[in-house]
Amino acid sequence: GTAVDAQDAEGTTGLQIAATNGYKILAEYLIGQSADVNLSNNCGWTPLMHAAQHGQVSVVALLLHHGATLNATSRLGVGALTLAAGRGHHSTVCLLLEAGADIADSTMHCGSVLTPLGAAAVNGHVSVIGALLQRGSSVNQVLLATGASPLMLAASGGHLRAAQVLMGHRADPNQNNFYGQTALDVAIACSKMEVAEYLRSIAQVAQQEHNPNATDIFDAIVACDLNEVRRILEENPPCCNSCHPLKGTTPLMQAAILGYIDAVALLVESNADLELQDCSAGWTALMHAVYHGQLHITRYLISSGADVCAEAFNGATALDIACYLEKGNTKMIQML
């Protein structure tokens with residue numbers, strides 16, 4: 001019969017094919033026949049890398065259970081975690097992280113190799129970015145060949161929400177690559193004007209923060225001072241999407257948490273982004289409203305177009321949060 005580890009001209013094995021396609025039963029059979037779980041193809045790809053890139057989480061778990069090398073890298077220096085992160089496979093990324101995958105995940109054979117965070121950023125996979133940052137990925141780590149940061153990579157792809165999450169985790173918008181470009185410069189060069197406008201607004205907010213007389217919009221919301229909130233928004237419209245330096249929340253989230261419906265309405269009218277996520281858990285304003293039992297604000301946000309299917313970093317939706325609460329609000333659950 002054919003040897004269990006037989007390879008074709010490209011070095012592909014039966015186990016690699018099973019891993020790619022998520023054929024768990026076949027993979028179990030081959031492993032039971034002593035297939036090598038770490039045998040790579042001509043490019044250095046192991047079965048684990050194939051399974052990770054295609055989000056075959058059950059096969060990933062199987063391979064790890066049978067001794068697959070977690071942090072192995074291909075000939076180009078790319079590992080399973082980077083491959084999963086680049087494709088946005090949140091569950092696979094979380095499984096690999098739980099197993100102890102290296103968040104750097106690269107031997108850096110060449111300076112252009114992406115880290116897992118860089119791979120997620122350039123493809124705009126927000127939930128994966130959040131999961132990696134929670135595990136300690138360096139938000140400002142650059143590519144050795146170009147000096148590009150995750151924020152620059154997100155900007156180059158026009159991924160606004162990814163850029164916002166990175167900024168919420170203290171990404172440096174003034175960091176330069178080896179060509180002297182900032183993330184804003186990269187966004188403009190790539191014609192990603194939505195991201196460019198956001199990064200430009202960040203610079204404007206930073207200038208305002210250096211003004212000792214500038215009133216903090218978060219303080220105005222906490223004080224329930226609607227006139228002051230309105231004044232700040234008129235003077236600096238982009239601050240409706242600013243991020244609290246300590247809490248990682250937006251003004252809209254703060255107003256939703258406090259049940260301040262007038263401020264919520266004013267912020268929405270001022271084009272506050274309903275889908276921004278906080279930096280700690282990836283919760284939207286709707287999720288915060290649900291968690292704090294703010295029924296009227298939940299209804300208002302939904303009627304204003306808030307996405308009830310948006311997922312936090314752990315994959316939970318607003319409905320999941322409502323159901324998890326010890327005393328679930330029946331009206332809230334029905335609304336969602």
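Taken residue by residue, the stretch 117-138 has no member that is without any contact (Cβ under 8 Å) to a residue 40 or more places away in the chain, among the hydrophobic types (A, V, I, L, M, F, W, C) and in a loop (DSSP other than H, G, I, E, B).
The one condition from (1) under 22 Å from Asp219 (Cα atoms); (2) more than 19 Å from the chain's Cα centre (by Cα) that Val290 does not meet is (1).
A quick yes/no check of all residues on (1) under 21 Å from Ser242 (Cα atoms); (2) surrounded by fewer than 20 Cβ atoms within 10 Å (Cβ to Cβ); (3) at pLDDT 90 or above:
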| position | (1), (2), (3) |
| --- | --- |
| Ser112 | no, yes, no |
| Thr115 | no, no, yes |
| Gly118 | no, no, yes |
| Val128 | no, no, yes |
| Ser137 | no, no, yes |
| Ala145 | no, yes, no |
| Ala162 | yes, no, yes |
| Leu166 | yes, no, yes |
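Within the stretch 168-196, take every residue that is in contact (Cβ under 8 Å) with a residue 40 or more places away in the chain and either among the β-branched types (Val, Ile, Thr) or in a helix (DSSP H, G or I) (or both) and give me the one that is surrounded by the fewest Cβ atoms within 10 Å (Cβ to Cβ).
First, pick out the residues of the stretch 168-196 that are in contact (Cβ under 8 Å) with a residue 40 or more places away in the chain: 168-169, 195-196.
Retained after the next criterion (residues that are either among the β-branched types (Val, Ile, Thr) or in a helix (DSSP H, G or I) (or both)): 168, 195-196.
Values: Gly168: 24, Val195: 26, Ala196: 22.
Per the stated criteria, the residue is Ala196.
Would you mind stating whether Ile31 is surrounded by 17 or more Cβ atoms within 10 Å (Cβ to Cβ) and in contact with a His (Cβ under 7 Å, 6 or more places away or on another chain)? Yes. Sub-9 Å Cβ pairs linking a first residue in the stretch 41-56 that is closer than 16 Å to Gly86 by Cβ to a second residue that is modelled with pLDDT under 95 and basic (Lys, Arg), at least 6 apart or interchain, are Cys43/Arg75; Trp45/Arg75, ordered by first then second residue. Looking at the stretch 250-336, the helices (runs of 4 or more DSSP H) lying wholly inside it that each contain 2 or more residues that are out of contact with any strand residue (DSSP E or B) (no Cβ under 9 Å at 6 or more places or on another chain) and under 30 Å from Glu234 (Cα atoms) sit at 251-258, 261-269, 285-291, 295-303. Within the stretch 220-232, the set of residues being outside any loop (DSSP other than H, G, I, E, B), closer than 20 Å to Ile297 by Cα and at pLDDT 90 or above comprises Ala220, Ile221, Leu226, Asn227, Val229, Arg230. Considered as a group, the residues in the stretch 63-99 that are small (Gly, Ala, Ser) and assigned to a helix (DSSP H, G or I) include one that is farthest from the chain's Cα centre (by Cα), and that residue is Ala80.
The values are calculated or read from the model by the stated rules, or taken from the named source; none is laboratory data. Remember, predicted model here, so these are calculated numbers, not experimental data. As a convention, Cβ positions derive from the backbone with ideal geometry for all residues, glycine included, and neighbour counts pool all protein chains shown.
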